[in-house]
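Below you'll find the structure, written out as C-alpha cells, and then a few comments.
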Amino acid sequence: MTDLKNAAHEYFVKGSNIVAVKQKKPLDNWAQWQFQRQTQEEFENQPWNMADGFAIICGTQLENGLFIAAIDFDIKNVSEEAQTRGKQILKQLLTTQTEQTPSGGQHWIYQTHTKPRTVSSYHNEYGIELLGEGKLCIMAPSAGYKRLNDNTPTTVPDLEAELYKAMHQAGFKPKPETPKTNAWFDRNDLAGKRFTGKTPPCIEALYNGAKEGERNEHAIRLASFLINFRKLRADTALEQMRKINKLNEPPLDDKELQSIVKSAVNGGYVYGCQDPLLRRNCRRDDCPIAPANIAKMLSQEEKERAEKLLNEAKLLDHALAYGKRRLIGEDDALQSNFIMFCSGRTKYPISGVISGFSGSGKNES
C-alpha cells in the first residue's frame, strides 16, 4: 500500500470510515458509511490509484465507543477580523492533534463522548466550524495537508459545549445554534401535540432491529419518536425498546438502553424528514404525514447545484433564462413575479396583482 493508503488505514482500524479524495473531492459514494461501519473490502476497493488524499467521516463512532469530530479554522474565505477572533478562540481550546490545511487554516481533531452535530453558523464571524455528523475532514498526509504536532486526539465529554466554552473564554457571547428541526417531520402544526396516527415508514423500519454500528442511532430516534411525538411514558417506551432490542445484532446492554431512553426524555430530541437515517427509509407514497409536507426532498447533487446558484448571486439572470423558454420580451414580468414568489419564504412576503394586456404573459410568467 502507498504511504497515503497506509495512513488512511491507521484511522480505519481505529474505527473511522474513510473516503478517498482527489483535489478535495470524494472519489466514491460515501453516504452509506455515515450510518454503517465500512468493511475492509469497501476500504480496499476505493480508487486509491487516483487519490491524492483521504478524509474521515466525522460524527461516526470509533472502536473505543467515542465519536470523531474536528474544529475547522478557515482563513481563506473570511475577513481578517474573523480570523483574529477565530485565533483567540483556538487559544482557549484544549490542545489536541492539529493539522494545517492547504490554505493555511487548521483542523483540530477530537474524540467526544457525545455524538457531535455539525455547527456552521459561526464561520463568517469567527472562521470556525464544528465538523460533526455528515461532514468529511481531509487528513494529513493528503496533498497540501500536514501535521503541526505529534498529539493524538484529545477526548472531551461534548465538543460542541467545549467550543461554546472557548468562545466565552475568548470574550465572545455566541448564541448556541439550535437544531434546524423544531417540529417532528417538519410539521409545525403537530408541534406539542400527541401523535396518534399510523407510524410512518421511516420509523417502522427502526422496529426491525439494527446491526452493530447502527444500534444507537436507531434507538435514539425510536425512543425520541415514542416519547416526544407519541407522548408515551418513559417506562412504556422502554418496554417497547426492550422488545425491539432483541432484534439487534447483538442486542444493546439494558443499562445502555435505559440511558438512551433517559437521553430522549431529557433532550427532547426532534427529527425531521431531512434526517439522513430517516430519509434513507422514506416511502413518501405510504407516509401518513408526508401529504401535508410535500416540499421536494433534494438529492445531494441538487443541493450542491442550488448552493452554487446562491453563491453566484445571479438568481434573477437564471430566472430570466429559464422563463425565456416560454416567454419572450417580458423580462419585467418574469423578474417581478420571481421576486414575489421568493418573498413568500421571507418574514415580509410581497403581495401583488398581475395586470397587463392580453398576450402579455400573465399566466406564463
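In summary, P157 fulfils each of the numbered conditions (1) in contact (Cβ under 8 Å) with a residue 60 or more places away in the chain; (2) under 23 Å from the mean Cα position of the chain (by Cα) with the single exception of condition (1).
Annotation for region 220-231: no member residue is closer than 19 Å to K115 by Cβ, surrounded by fewer than 18 Cβ atoms within 10 Å (Cβ to Cβ) and of a type in the set (V, I, T).
Under the condition of being over 27 Å from N188 (Cβ atoms) and outside any helix (DSSP H, G or I), the residues counted in region 226-284 number 8.
Residues that are hydroxyl-bearing (S, T, Y) and under 20 Å from P153 (Cα atoms) were ranked within region 2-46; the one that is surrounded by the most Cβ atoms within 10 Å (Cβ to Cβ) is S16. The listed residues are G105, G144, G86, G132, and the only one of them that is surrounded by 14 or more Cβ atoms within 10 Å (Cβ to Cβ) and free of Cβ contacts under 8 Å to residues at least 40 places away in the same chain turns out to be G105. Scoring I18 on the criteria (1) over 20 Å from L66 (Cβ atoms); (2) among the β-branched types (V, I, T); (3) without any contact (Cβ under 8 Å) to a residue 40 or more places away in the chain leaves a single failure, condition (1).
Taken together, the residues in region 108-129 that are surrounded by fewer than 20 Cβ atoms within 10 Å (Cβ to Cβ) and small (G, A, S) amount to 2.
Just so you know, all these numbers are worked out from the coordinates, no wet-lab data involved. Here the structure is a predicted model, which means the values were calculated and not measured. So basically every Cβ, Gly included, is an ideal-geometry build from the backbone, and we count neighbours across all protein chains shown.
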